[in-house]
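Report on one structure; see the data block that follows.
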Amino acid sequence: MRPSPLLYNKNFLYATEFFSGMSIMAVELGAARLLAPYFSSSQIVWTIIIGTIMIALALGNVWGGRRADSDKDPAKLYRRLIFAALWTGAIPLLGKYLILGVAGALIVTIDTNLLIWAAFLSCMAIFVVPLFLLGTVTPSLVKYATDNLEHNGRIVGNLNAFNTIGSIIGTFLPTFVTIPAVGTAITFLIFSGVLLLIGVIYFVSIGAKKIFCAGAVAIFILCGVLGNSNSFAFWEKNLLYEGESIYNYLQVKDTPDKIIFSTNVLFGVQSLKVKGGGLTGMYYDYALAAPLLAENKKILILGMGTGTFAEQCKKYFPAAQITGVEIDKKITALAKKYFSLPEDVQVVTYDGRAFLQADKNIYDVILVDAFQDISPPFQMSSTEFFSLVKNHLAPAGVMVVNMNMRASGAGNINEYLINTIGKNFSALKIIDAHGVTNRVLFAAADEKILNELHARAEALDDEKLSRLMIHIAETWTTPALGENILTDDRAPVEMLSMRALDKIIQINLERYKEIYRRDGLDGVLNSF
């Protein structure tokens, strides 16, 4: 096969390096968004993604270098680029089914670390092949671009520079432009199309592989038509909304008695609205003990979500002045559209800790309910953070913390959080919310503040709320404090939360295994 005249113009080789570097980073960021709705976007999942991709690239570098030395035909490289493009283009169509297939298989085969193994094997199955093929680009281009040893250093430097510049653009473009604007699926297709175009241009220039190129384009178009969907929970039939923001996968689900908001396909409810009003049956109801205890009702919510707690406070304490902090403005938009967020609730689009550092107000109640999927953000879990919360709390004020997942045994996430909060607050009470995995902690400067709950609960006019508050006052406990604390320097919240979630999964795993044996994968999906 005759060489392409494009090879004599090193600009085409540099363009190949540039767009392959761009696509590598775009695929990596797309991988995080593809896996996040199923396995979270925690540091653990990011570690799996980065590690898997680096392994694939390293193997591609080694194999690509050997192939370039043994076979100098550039057509082999551009054929590999087209294969990488088609594999990447098929990810929106097939990736989510493969993820659920892996998860379903693991549910019936392993007992521990389900999410870690599922994320790792899914990442291997989906992303190793295209990243391995892209890893062959640089050593191959070095071979084709180097004319003599006198200038090989400059050539290699230029190729690496173009790769790096492409990688920089491939980092920023998906995060700030394509994923928020058109979603993860289209992002994969955009960068797949770029790789495909580079390969097709090469073969057109040499007048070869016409049927191959036409077939590749046809497959790409088919993937684009069939895979052009941002639906991750494709089995759901009653979704009011499904989409993405810079920070999250977003889902609003309609059920007969509730509207539910979630940032994860497989587990977790971030916010909800009870149709017809009333108590939610979740930890938000327990958190109402905090405004009941406070003398005044100036409330700050760090982790507003769609405003479940704000709506409850307005219902039972109409005079409450509420400020919510939510980093994702798309969630706030959903709160107004689907969850009837009260108009007089102020919502600030900001990080919770950064807000406290800039805010000068003092509050009677502060709810800390910020989560990054399964774990609280590390910067909102440390002793330095809770010291900042205390400084914004009135002397008779109450802080309430949603601890999300019950965990027992030494060294669990709840023990760390309790110890950390205990460094700043002298009075602590804790209670498990009935029927869910949440554990709710109340903190104040003085035990007398918390001891008022029973008397105030008895004075309430609402019978259901009064009964719940009396139950809390009679059953909450004072937790023991230990030495394990979280600091800005050391806060392994992702690992601690993953352990807690793994224990919860183990408890329920037998149930899902039985469902799988009886009803198959569809039964498992419908049970979530």
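Below is a table of values for the structure above.
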item: Residue that is crowded, with 19+ Cβ neighbours inside 10 Å and of a type in the set (S, T, N, Q), where the choices are 340, 375; result: 375
item: Failed item in (1) in contact with a Phe, Trp or Tyr (Cβ under 7 Å, 6 or more places away or on another chain); (2) buried (at least 17 other Cβ atoms within 10 Å of the Cβ), with residue 401 passing the rest; result: (1)
item: Flag if residue 51 is farther than 17 Å from residue 120 by Cβ, out of contact with any Lys or Arg (no Cβ under 7 Å at 6 or more places or on another chain) and either part of a helix (DSSP H, G or I) or of a type outside the set (Ser, Thr, Tyr) (or both); result: no
item: All positions within region 90-115 that are within 14 Å of residue 39 (Cβ to Cβ), surrounded by 21 or more Cβ atoms within 10 Å (Cβ to Cβ) and either over 18 Å from the mean Cα position of the chain (by Cα) or of a type in the set (A, V, I, L, M) (or both); result: 99, 100, 102, 103, 115
item: Test: residue in region 60-72 that is among the hydroxyl-bearing types (Ser, Thr, Tyr) and surrounded by fewer than 22 Cβ atoms within 10 Å (Cβ to Cβ); result: yes
item: Lone qualifier among 322, 362, 366 - being surrounded by fewer than 18 Cβ atoms within 10 Å (Cβ to Cβ) and farther than 19 Å from residue 263 by Cα; result: 362
item: Subset tally (residues that are out of contact with any Ser or Thr (no Cβ under 8 Å at 6 or more places or on another chain) and crowded, with 24+ Cβ neighbours inside 10 Å) for region 119-130; result: 3
item: Residue within region 201-210 that is surrounded by 16 or more Cβ atoms within 10 Å (Cβ to Cβ), modelled with pLDDT under 90 and not β-branched (Val, Ile, Thr) present; result: yes
item: Tally of residues being crowded, with 23+ Cβ neighbours inside 10 Å, over 32 Å from the mean Cα position of the chain (by Cα) and of a type in the set (S, T, N, Q) across region 139-187; result: 1
item: Filter result for the condition that a residue is in contact with a helix residue (DSSP H, G or I) (Cβ under 8 Å, 6 or more places away or on another chain), over 30 Å from residue 495 (Cα atoms) and outside any helix (DSSP H, G or I), over 76, 72; result: 72
item: Some residue of region 361-370 being of a type outside the set (S, T, N, Q) and out of contact with any strand residue (DSSP E or B) (no Cβ under 7 Å at 6 or more places or on another chain); result: no
item: Flag if residue 352 is within 15 Å of residue 272 (Cα to Cα), touching a Leu at 6+ places or on another chain (Cβ under 6 Å) and either buried (at least 24 other Cβ atoms within 10 Å of the Cβ) or not assigned by TED's automatic domain parsing to the domain that holds residue 441 (or both); result: no
item: Index of the failed condition, residue 414 passing every other in (1) at pLDDT 90 or above; (2) part of a helix (DSSP H, G or I); result: (1)
item: Selection count, region 22-44, where residues are within 9 Å of the chain's Cα centre (by Cα) and assigned to a helix (DSSP H, G or I); result: 7
item: Strands (runs of 3 or more DSSP E) (entirely within region 178-277) containing at least 1 residues that are among the charged types (D, E, K, R) and either on the phi > 0 side of the Ramachandran plot or in contact (Cβ under 8 Å) with a residue 24 or more places away in the chain (or both); result: 239-244, 271-274
item: Residue ID - modelled with the highest pLDDT, chosen from residues in region 348-396 that are touching a Lys or Arg at 6+ places or on another chain (Cβ under 6 Å), assigned to a helix (DSSP H, G or I) and not hydroxyl-bearing (Ser, Thr, Tyr); result: 385
item: Test: residue 129 is within 23 Å of residue 39 (Cβ to Cβ) and either outside the structural domain of residue 47 (by TED's automatic domain parsing) or in contact with a Leu (Cβ under 8 Å, 6 or more places away or on another chain) (or both); result: no
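Yes/no matrix, rows are residues, columns are (1) crowded, with 19+ Cβ neighbours inside 10 Å; (2) under 27 Å from the mean Cα position of the chain (by Cα); (3) among the small types (Gly, Ala, Ser):
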residue: 385; (1), (2), (3): yes, yes, no
residue: 397; (1), (2), (3): yes, no, yes
residue: 413; (1), (2), (3): yes, yes, no
residue: 427; (1), (2), (3): no, no, yes
residue: 433; (1), (2), (3): yes, yes, yes
residue: 444; (1), (2), (3): yes, no, yes
residue: 448; (1), (2), (3): no, no, no
residue: 464; (1), (2), (3): no, no, no
residue: 468; (1), (2), (3): yes, no, no
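The values are calculated or read from the model by the stated rules, or taken from the named source; none is laboratory data. None of these values were measured; they are calculated from a predicted model. Quick reminder, even Gly has a Cβ in these numbers, built from the backbone with ideal geometry, and neighbours come from all protein chains shown.
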